Amino acid sequence: MSETDLKRFALLSDLTDSDREAVAELLEPIELVSGRQCFREGQEAEGLLLVDRGELRLESLRGGELGSCGEGESIGGLALLLVGTREVTATAVTPSRVLQLSRGAFLRLAEDCPRAALRLVQAITAEFAGAVREGLDRIAPPAG
């Protein structure tokens with residue numbers, strides 16, 4: 001995948017072309033047929049996944065079906081920074097292709113292109129903060 005193709009992913013949109021090229025070299029493609037699990041709840045989280053093609057259904061034992069993740073979206077960014085397990089199961093709804101940036105590959109990126117790694121961490125943190133705000137707004141909408 002070329003660095004220009006990676007611009008469509010929000011997490012990578014603020015990186016320079018050369019930074020995206022460095023990321024592109026580290027991505028591992030994973031092809032999924034409809035109905036195949038990409039990962040399951042409780043499994044060790046190994047890295048960030050970018051949905052290049054198709055759609056993944058997200059569900060958990062405690063929350064049931066939670067939604068989906070489609071083309072141009074990402075899931076699991078925090079797994080680059082924290083060791084832990086997946087909180088949901090992701091299953092291909094359609095034939096899908098995901099691109100994985102493993103934790104090990106991210107560490108190589110941090111050594112070789114620290115600016116790209118920092119920008120990626122900033123984007124993951126901003127995405128996480130937005131999700132927390134969204135969750136809080138559902139619990140207690142802002143006054144106004």
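Here the Gaussian network model covers the chain, with springs between Cα atoms less than 10 Å apart; of Arg40, Arg119, Arg133, Arg133 fluctuates the most. In the context of the full set of protein chains, the chain has a per residue accessible area of 56 Å² (1.4 Å probe). Using 0.36 nm per residue and subtracting the Cα-Cα separation, the extra length available between Glu71 and Leu107 on full extension is 10.4 nm.
Residues considered: Gly76, Gly64, Gly54. Largest GNM mean-square fluctuation over the chain, using C-alpha springs under 10 Å, is found at Gly64. Name the shape class, rounded, prolate or oblate, that the alpha-carbon gyration tensor gives for segment 1-53, where a ≥ b ≥ c are the square roots of its eigenvalues, rounded holds for a/c under 1.5, and otherwise prolate holds if a/b is larger than b/c and oblate otherwise. Since a/c reaches 1.5 and a/b is larger than b/c, the shape of segment 1-53 is classed as prolate. Normalised by the number of residues in the chain, the average gap of Cα pairs under 8 Å and 6 or more apart makes the relative contact order 30 percent.
Nonpolar atom fraction for segment 1-131, defined as the carbon and sulfur part of the 1.4 Å probe accessible area, stands at 51 percent.
Relative to the current alpha-carbon distance between Glu41 and Leu118, full extension at 0.36 nm per residue lengthens the span by 24.9 nm.
The values are calculated or read from the model by the stated rules, or taken from the named source; none is laboratory data. All values derive from a computational prediction rather than experimental measurement. Heavy atoms of the whole protein, side chains included, go into the accessibility calculation; ligands, DNA and RNA do not. Shrake-Rupley method; radii C 1.70, N 1.55, O 1.52, S 1.80 Å.
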